Structure formats: structure tokens, C-alpha cells
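Let me begin by presenting the structure, written as C-alpha cells, before commenting on it.
Readers should treat all values here as calculations from the given coordinates under stated rules, not as data from a laboratory. Every value quoted in this text rests on a predicted model; they were computed, and no experiment measured them. A quick note on method: Cβ atoms are made from the backbone with ideal geometry, for glycine too, and the neighbour counts reach across all protein chains shown.
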Amino acid sequence: MRWENLSAPPDEEHPDGAAPATPPLPLALPGAVARTFDTPGFAGMTFYEIRAKSIINRVPGTSRVPFEWTINPYRGCSHACVYCFARNTHTYLDLDAGADFDRKVIVKVNAGELVRRELAAPRWRGAPVAMGTNVDCYQRAEGRYRLMPPIIEALRDFANPFSILTKGTLILRDLPLLRQAAEVTRVSPSFSVGFVDEALWRSVEPGTPSPRRRLDAVRALTDAGFAVGVLMAPILPGLSDTDESVEATVAAIAAAGAASVTPLALHLRPGAREWYAHWLARAHPRLVARYRELYRAGAYAPQAYQRELTARVRIAARRHGLLRGERSDDRQPPETPAPPAAEQLSLL
């Protein structure tokens, strides 16, 4: 991704009373406009507004993922999920993968116009586009910046198929646009709900809407005519992988009207691995030894553990009427591949 400087000064860009920019700019973001906002929801956060030069990105190594093209209007995420696999991407911007990832968010303010321009390019062939695959496009900042409506409008106008994966109930704000797009192309919304335990949610996903609110959004989208998949992820060893947790979560997903459920065990890439390890040592020190054993080979839990977990979710899904188990196309999810050597890090 390349950036260019913002052309307008801060007072012309945001005449609505935004606090003046005071934090220093990261070395990788020259010319960005740094903003803080005097509202409780953004306390302690800094937003770096940039003008991107491109927005539809090709995913390298697409044999591992079911999509080839993505749109990410933000980098960094106020959801503050302690396990987020995207944390290490912040280090490319002269920021850290821990608190900076949660509190310093890059905002591509020209995302909508870029999407429209790139969809109109002769070389674009109308391939499906995935959103929410890196950080959540419906995180809290979207309520202020409203980047998603012009993105969806562009995809609608070009009848370009797209999917959205989110934990953000703010997606319901854009339901009319999603319905319009669905009249001319394939629209695939899905939610991430790894567990329904509220104490665990507050501890590991403190900036997200509660699992119950997410499932209410699944119901609203389902009632609007969408087949909504739920990514039951991540399932946390020793915390949300018990029979009781699996049963309660699958039952709640089925009750919300989800079309499918796909379980994924926690994986810990560099950046996320260290941040999660520090949290685990503070919050659940009794589990440290188990995690050292499970993740001794790298980022992914052993395939035997993954298979056993998937089987238990599949059985529960069938019991609750999600007869297709994990995926809406009846295929089994592939086992997580072994990570490259660079991910073979020591946990704790």
C-alpha cells in the first residue's frame, strides 16, 4: 500500500471541532494528519488520516485463503482483541503490535473514491472482494469516518460481488445499501463469534460489541434476507474449547438464524503471539504450560487438536439444525497449514 500527503489542512478537513493534531507522526506515515477526539469512545486514541494511492489489494499465497482480493479501509483496530493475528502489520508502520495497534488507527480517508476508480479500470475483471479480513471495517472509528457507505455504493454500482466479515454491529447502519447491492450482485455478510461467555469477552475483546449483540445483528441480517455465516473463531484452548462452551456458542449461533458455522482454533502469529502471551500470564497463569505445549511448534495448534475441535462443533451444529456443519458450501475447512520458519517463535 502506498500513500500520498493530504492536500487540505486540518481545519478545512474537519471543521466539526476535532482536537488539533499533537502526537508525532510515525516515520512510515509522512504527511499524514494525526487527530485525537475529545469523546469518551476515542479516549487515548490517535487517528492518522492518509490518502492511499491504491485500495483493492491482491492477497499473496491465495491457496491458503478462499479469497484473492481485499479492501481494508483501516489499519489498526479499536476492538483491541488480544489475539488479533493482524497485530504485526503495525510494525511495518513504525508502530508496535501491542498498544499502538489498539490505539493508533490509520484511516484511508479516500477509500471510497479509490474503490470506484479501481473498479472502473479496464484491467479489473469483477473478481469477488473480501472486507474485514485484516482489521474490522466496522470498528468504532467507522461511526465517525463513514468509509464503508461509499465503498458499498461503488461495489453496488459496478455489480461487483463482495463479502464482509465483522464483529461490528454498525454494519446494520448500512443494511439498506447492502440490500441494494444484493439486488445486482452476490453479497456475503458474516460475523465472528468465538464464544458467548461475557466475562471472557470483556477480557479478550474489550472494544467489541458483546457476542449477544453480534448475534442480534446476525438475526437482523438474516431477517433481511441474507444467508449469514458465523466464523466461530478463535476458539481459545482452555478457555472456550470446553464441551459446555462449544454447546452454548453453537446453540446461540443457531438460534440467531445463521446459515453456517465455521470453527477455527486460535492461531498465534508473531506480534499477536507475544501480546496474547503477556495477557495469558496475567489473566490465566495456570494455562501457560498448556499453551507452551500446544504452540511449541509455531503459530498453529496441532492438527489433531484442530480436527477434534472441528468434530465437536460439527456434532453440536447438526444437533441444533445447522446440518451443513462448518461451511455454507458443504466443504470441510482445510486444516491450518504449518507456518513458515519465521513464525516458529517461543511462547512466553
Please work out how much length the chain gains when fully extended from Glu247 to Phe67, using 0.36 nm per residue of separation minus the C-alpha to C-alpha distance, in nm with one decimal. 61.8 nm
How many nm is it between the label spots at Arg292 and Ala43, if each spot is 7 Å from the Cα in line with the beta carbon? 3.8
Calculate, in nm to one decimal, what Ser54 and Asp223 gain on full extension: separation in residues at 0.36 nm each, minus their alpha carbon distance. 57.3 nm
Collect residues whose amide H, placed 1.01 Å from N in the peptide plane, falls under 5 Å from the amide H of Val59; neighbours closer than 5 in sequence don't count. Trp69, Thr70
Round to a whole angstrom and tell me the spacing of the C-alpha centers of the stretch 219-252 and the stretch 270-319. 17
Restricting to lysines and to Cα separations under 18 Å from Lys53, and discarding same-chain partners fewer than 8 apart, the set is Lys108
Would you mind ranking Lys108, Lys167 by Cβ crowding within 10 Å, fewest neighbours first? Lys108, Lys167
Between Arg202 and Ala311, what length comes free when the chain is fully extended (0.36 nm per residue of separation minus the Cα-Cα distance, one decimal in nm)? 36.5 nm
Once phi is turned into θ = phi - 60°, what whole-Hz ³J(HN,Hα) does the Karplus curve with 6.51, -1.76 and 1.60 give for every residue of the stretch 175-182, x standing for Gly and Pro? 4, x, 5, 4, 5, 4, 4, 5
Return the long-range amide H neighbours of Ile235 (sequence gap of 5 or more, or a different chain), with a cut-off of under 5 Å between placed amide H atoms. Leu264, Ala265, Leu266
Out of all DSSP beta bridges in the stretch 3-343, what portion is antiparallel? Express it as a percent rounded to 5. 35
Fewest-first ordering of Tyr305, Tyr83 by Cβ atoms within 10 Å yields Tyr305, Tyr83
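Using the count of nearby Cβ atoms within 10 Å as a rough guide to exposure, how do Leu231, Leu215 rank from fewest to most?
Lowest count first: Leu231, Leu215.
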